[in-house]
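Q: Sharing a structure below in structure tokens format, with a few things to ask.
The values are calculated or read from the model by the stated rules, or taken from the named source; none is laboratory data. Everything quoted here is computed from the prediction, not taken from an experiment. Counting neighbours? That spans all protein chains shown, and the Cβs are built from the backbone with ideal geometry, glycine included. The area values use the complete protein model at the heavy-atom level, side chains included, leaving out ligands, DNA and RNA. Shrake-Rupley method; radii C 1.70, N 1.55, O 1.52, S 1.80 Å.
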Amino acid sequence: MFVQRIKSSELLGQLNSEAYAPHHIKFAKIIKKSGLDVRQLGDIVSKKINNSIRNISGQLDSNEGKIPMFRPADISNGTLSVETAPLLTEDFESKHEKARVFSGDLVLGIAGSVGVVGRVPQSVKHGNINGSSARITTNSDLKSAYLLAYIQSKYGQSSLLRYCVGSVQKHLNLEDLPSVTIAYPKNNVIIYIGDKVRQAERLRECAKALEQNFNNELIQIYNVAFNGQVDERKYSHVKKDDLSIDLNPGLYNAERLRVRKSISEVSSKKIGDIAIIKAPSSNEYTSSTKFLGLDGISSNNSSLAITTIEKTNVKGTLRYLLSGPIIPKLNPYLNKAAYIPKELEGTVGSPELLCVVPNNKANGWFIYGALKQETTLKQLNPISTGSTHLRVTPDNIRDIVIPWPEDRVKKGKYLEKAFRARQLSSILTTAAKLFVESLIEGKITENQLINAQQSLEKGETALDQSILERLKTDGMDGEGEPLFTDLEQVYELLKQAEDDNHLT
């Protein structure tokens, strides 16, 4: 509830009260006083801001889909996920060319998750968008990258959300989007900020390539297990050596036994022979305030959602996670095995997580990668038990059989580099957003960023480094932790991404 007096010059093309909320008026005034050029989105786009495919009922049931249809649900931290987007058939999609998106285009959430925005990856020839999305196209890849950073900033979000309508579910109308205010700096500033977004995208692509390299090499090791055959029998003939005192029928699942036998035909180990499984224990909780919940793990381990807690607020049993691989106990989450890197040692975790502590830390990344494989899921899924929520036990994890090649440490390095690349990608996306906010607030000038960009074009990083050092988690020259904790690693990873073909 608020009372607000506004000038006639501050009126928009709509009279709903939320458009004039105090924080929206405050941010609009800050943008106006920033000294930056202020434009409308409609003056920047190169094509009409378009909406989406309609009447897709039944179109997502086909197994022949090839064209991703992006939704707000597929957007995270400025990224559009090709992996989660449903696929359309080429025949159906070809009838909806007006809703196509190409690499570099922005997809904006206009219903449901209003205001989320992501860029179409370079790896996508073209995609399409659903009814909760809008397409924003410019005539420049760097302009598009800058717009991503601006819309993600608190000022961009305010400029956008002022136009929300709807009493039950908020949404944005396409006809209002061209009027959204954009703080638009000089070209070299757009290049500087936009290139941070593009660097983040290149690092994500590099991480995908590294992860694929790891998976391909493992597939070569146990190609018998991945030869396209699947044993779907509902019964099994088991040998005496396969019998157990456990009467869980899942232990004798035909496909599970086939996979274990296939892996055992190459150099292999049981997890229990190479690692200790840390089960929940309340007496292991210390005064650490770092906490990782079950839902804090993404499927690609790119961003562990570490939260902070006060010891007095802790309820139930928590456990102390050492560095290394972790795997959930609940069946639906088993494919979300993750890795706790050295800098997050001491994180307290949910009792629904199990920590796999390698006998030799050098093997940690390889074990983590093996835990994420389909062969691991085929061993665990059949033996999950529970009347309400299916789960596995520490003993189940110990019994997993994984390949054990001589060059396992080298293979594990693929995943460690991929993790660092994804980690830096997320940080660079945040940095781009913070640069926009800092410019608008006058904490850094256009000339400072122009000079940094010109130096980078000469191959000099000193000015860029001095600016990056000022970024904290709460903004430019803030009181939070440094956004970049290791700038040498930043330039090293970016150089590898440019020179060494996907960091390999």
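Q: Mind running the shape call on region 4-129? Use the C-alpha gyration tensor, a ≥ b ≥ c as the square roots of the eigenvalues: rounded below 1.5 for a/c, prolate if a/b tops b/c, oblate otherwise.
A: Prolate.
Q: Taking only DSSP H segments of four or more residues, each worth -39500 (n - 2.57), what value at 222 nm results for the chain once the sum is divided by all its residues, to the nearest 500 deg cm²/dmol?
A: Details: 14 runs with 172 residues, N = 504.
Computed mean residue ellipticity for the chain: -10500 deg cm²/dmol.
Q: Something else about it: Check every DSSP H run in the chain and write down those whose alpha carbon atoms cover 30 angstrom or more along the long axis and whose mean Kyte-Doolittle hydropathy is -1.0 or greater.
A: 187-221, 408-441
Q: How high is the relative contact order of the chain, given as a whole-number percent (alpha carbon pairs under 8 Å, six or more residues apart)?
A: The normalised contact order for the chain reaches 15 percent.
Q: What relative contact order, as a whole-number percentage, does region 454-494 give when Cα pairs under 8 Å and 6 or more residues apart are counted? Don't skip to the answer; put the middle values down first.
A: On the way: 31 pairs, mean separation 9.8, N = 41.
Here the relative contact order equals 24 percent.
Q: Which whole-number percentage describes the relative contact order of region 316-455, with Cα contacts under 8 Å and a sequence gap of 6 or more?
A: 21 percent
Q: Assuming a ≥ b ≥ c are the square roots of the Cα gyration tensor eigenvalues, decide whether region 332-447 counts as rounded (a/c under 1.5), prolate (otherwise, with a/b larger than b/c) or oblate.
A: Since a/c reaches 1.5 and a/b is larger than b/c, the shape of region 332-447 is classed as prolate.
Q: From the square roots a ≥ b ≥ c of the eigenvalues of the alpha-carbon gyration tensor of region 383-498, which class results: rounded (a/c under 1.5), prolate (a/b over b/c), or oblate?
A: oblate
Q: Ignoring any ligand, DNA or RNA, what whole percent of the accessible area of the chain comes from carbon and sulfur when the probe is 1.4 angstrom?
A: 48 percent
Q: Hey, another quick one. For the chain, with only Lys/Arg (+1) and Asp/Glu (-1) charged at the beta-carbon, what is the dipole magnitude about the Cα centre, in debye rounded to 20?
A: It comes to approximately 800 debye.
Q: Using alpha carbon centroids, what distance separates region 74-153 and region 402-471, in Å?
A: Using only Cα atoms to place each centre, the spacing works out to 23 Å.
Q: About the Cα centre of region 367-465, how large is the charge dipole given +1 on each Lys and Arg Cβ and -1 on each Asp and Glu Cβ? Please answer in debye to the nearest 20.
A: About 460 debye.
Q: Provide the per residue accessible area, probe 1.4 Å, for the chain, rounded to a whole number of square angstrom.
A: Working: 24620 Å² over 504 residues.
Per residue, the chain has an accessible area of 49 Å².
Q: Counting other Cβ atoms within 10 Å of each Cβ, which GluC sites (Glu not before Pro) in region 399-504 have at most 13 and sit in a DSSP loop?
A: On the way: sites: 406, 416, 437, 441, 446, 457, 460, 469, 479, 488, 492, 498; in loops: 406, 460, 469, 479.
Here the GluC sites (Glu not before Pro) that fit, given the DSSP loop and packing criteria, are 406, 460, 469, 479.
Q: When Lys and Arg each count +1 and Asp and Glu each count -1, what net charge do the other residues less than 11 Å away from residue 191, Cβ to Cβ, add up to?
A: Residues near residue 191 contribute +1 overall.
Q: Out of the GluC sites (Glu not before Pro) in region 318-401, which ones are loop residues according to DSSP with at most 12 other C-beta atoms within 10 Å?
A: none
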